[in-house]
1. Considering region 166-193 alone, what residues qualify as being of a type in the set (D, E, K, R) and either within 30 Å of residue 107 (Cβ to Cβ) or assigned to a loop (DSSP other than H, G, I, E, B) (or both)?
2. Just the residues that are under 18 Å from the mean Cα position of the chain (by Cα) and either of a type in the set (A, V, I, L, M) or surrounded by fewer than 23 Cβ atoms within 10 Å (Cβ to Cβ) (or both), please, taken from region 134-145.
3. Step by step: first the residues of region 155-171, then only those that are in contact (Cβ under 8 Å) with a residue 40 or more places away in the chain and out of contact with any helix residue (DSSP H, G or I) (no Cβ under 6 Å at 6 or more places or on another chain), then the one that is surrounded by the fewest Cβ atoms within 10 Å (Cβ to Cβ). Which residue is that?
4. Could you check region 77-100 and list, in sequence order, the residues that are modelled with pLDDT under 95 and among the aliphatic types (A, V, I, L, M)?
5. Does any residue of region 179-193 turn out to be surrounded by 15 or more Cβ atoms within 10 Å (Cβ to Cβ), within 27 Å of residue 77 (Cα to Cα) and more than 13 Å from the chain's Cα centre (by Cα)?
6. Specify the residue that is farthest from residue 11 (Cα to Cα); the eligible residues are those in region 42-57 that are within 16 Å of the chain's Cα centre (by Cα) and surrounded by fewer than 20 Cβ atoms within 10 Å (Cβ to Cβ).
7. Testing residue 163 on (1) within 20 Å of residue 113 (Cβ to Cβ); (2) touching a Lys or Arg at 6+ places or on another chain (Cβ under 9 Å); (3) in a strand (DSSP E or B); (4) of a type in the set (A, V, I, L, M, F, W, C), one condition comes back false. Which one is that?
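The values are calculated or read from the model by the stated rules, or taken from the named source; none is laboratory data. Since this is a predicted model, take the numbers as computed values, not measurements. Heads up, the Cβs are rebuilt from the backbone with ideal geometry, glycines too, and the neighbour counts pull from every protein chain shown.
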Amino acid sequence: MKNIVILISGGGSNMAAIVRTAQRDGWAQRFDAKVVAVISNKASAAGLDFARAQGLAAEVVEHKAFATAPDPRAAFDAELAQTIDRHQPALVVLAGFMRILTPGFVARYAGRLVNIHPSLLPAFTGLNTYQRALDAGCRFAGATVHQVTAELDHGPILGQAVVPVLPGDTAQALAARVLTQEHLLYPRVVAELLQKM
């Protein structure tokens, strides 16, 4: 069985879209794959409740607990990797996981670590992507699923969804339209990856 571990920091709507698609489309039968665990860096992440309701392992590795470590980021990533590895993942999926990962962590899961970013990469890496797209006068925005590399938001592109920018759009309105496309794009790309494994 190809185990999928999903990392979240908040509501986990993309995680929920992947879990629902896996159930609806029978990934266990089609790809010999299933989502086995959802891990968050915040105990308050609402997505953990959804994961528990689906019978998935829902675990927390609180990044703030490592604040006093000599290298807090590396200490957190080491603990996170141990937690992930207990589930023997074929794929580690970042779904709104708001942490920049160390190069060592990324290397550990090279080729098995994917992320979704709310812009049409390579445009607008980092944060505040919707407002930046509006400020730049973009006529289109969207989302990108990519392999994670040590350089933030620069890994090979696996899939994109394009959304038109409408007259009078606000960052919030644009974000809501992009999110509906993310919920279609991310499960599709994950399924494509599983098919090749």
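1. 169, 182, 188, 192
2. 143, 145
3. Once the filter is applied, the top-ranked residue is 162.
4. 98, 100
5. Within region 179-193 (the criterion being surrounded by 15 or more Cβ atoms within 10 Å (Cβ to Cβ), within 27 Å of residue 77 (Cα to Cα) and more than 13 Å from the chain's Cα centre (by Cα)), the answer is yes, since at least one residue qualifies.
6. Once the filter is applied, the top-ranked residue is 42.
7. Of (1) within 20 Å of residue 113 (Cβ to Cβ); (2) touching a Lys or Arg at 6+ places or on another chain (Cβ under 9 Å); (3) in a strand (DSSP E or B); (4) of a type in the set (A, V, I, L, M, F, W, C), only one is false for residue 163: (1).
Every residue, every condition in (1) crowded, with 18+ Cβ neighbours inside 10 Å; (2) among the β-branched types (Val, Ile, Thr); (3) farther than 21 Å from residue 47 by Cβ, yes or no:
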{"residue": "71", "(1), (2), (3)": "no, no, yes"}
{"residue": "75", "(1), (2), (3)": "no, no, yes"}
{"residue": "80", "(1), (2), (3)": "yes, no, no"}
{"residue": "83", "(1), (2), (3)": "no, yes, no"}
{"residue": "91", "(1), (2), (3)": "yes, no, no"}
{"residue": "95", "(1), (2), (3)": "yes, no, no"}
{"residue": "104", "(1), (2), (3)": "no, no, yes"}
{"residue": "107", "(1), (2), (3)": "no, no, yes"}
